[in-house]
Amino acid sequence: MTEEQDVQEIEQMRHALGVQKRGNAWTKPFRNHFVAGEADQPLWESLVGRGLAVRSRRPSELTGGAPCYSVTNRGREIALAGVLSQQTETETP
């Protein structure tokens, strides 16, 4: 795995958790799901294989036929490392 892949995985997990950088601080996590299109599925399946995510919903009409994933507690720790101490008071974008 390359450093670029690591960064992409962390960015995807942060997106699933709803965490965004606002100025010099981060928003608080407010969700835990990611509907993965075809291009994102290999990344998410890799996260599942390493215990950093789980497939939380089967493909359905609600997800447009795409699988839905959630970040595990272990994945959350990795994705939010260094972020929690820099959070803003705003929880939603």
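The values are calculated or read from the model by the stated rules, or taken from the named source; none is laboratory data. Quantities reported herein were computed from a predicted structural model and do not represent experimental measurements. Neighbour counts are summed over all protein chains in view; Cβ atoms, including those assigned to glycine, are modelled from backbone coordinates with ideal geometry.
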Query raised in the report: In the stretch 54-74, which residues are of a type in the set (Gly, Ala, Ser) and in contact with an Asp or Glu (Cβ under 9 Å, 6 or more places away or on another chain)?
Result: Ala66
Report summary line: Of (1) surrounded by 12 or more Cβ atoms within 10 Å (Cβ to Cβ); (2) touching a residue at least 24 places away in the same chain (Cβ under 8 Å), Arg31 fails just (2)
Query raised in the report: Where in the stretch 1-88 are there helices (runs of 4 or more DSSP H), lying wholly inside it, with at least 3 residues that are modelled with pLDDT under 85 and over 11 Å from the mean Cα position of the chain (by Cα)?
Result: 3-17
Query raised in the report: Do the conditions hold for Leu52, that is, is it in contact with a Ser or Thr (Cβ under 7 Å, 6 or more places away or on another chain) and surrounded by 12 or more Cβ atoms within 10 Å (Cβ to Cβ)?
Result: yes
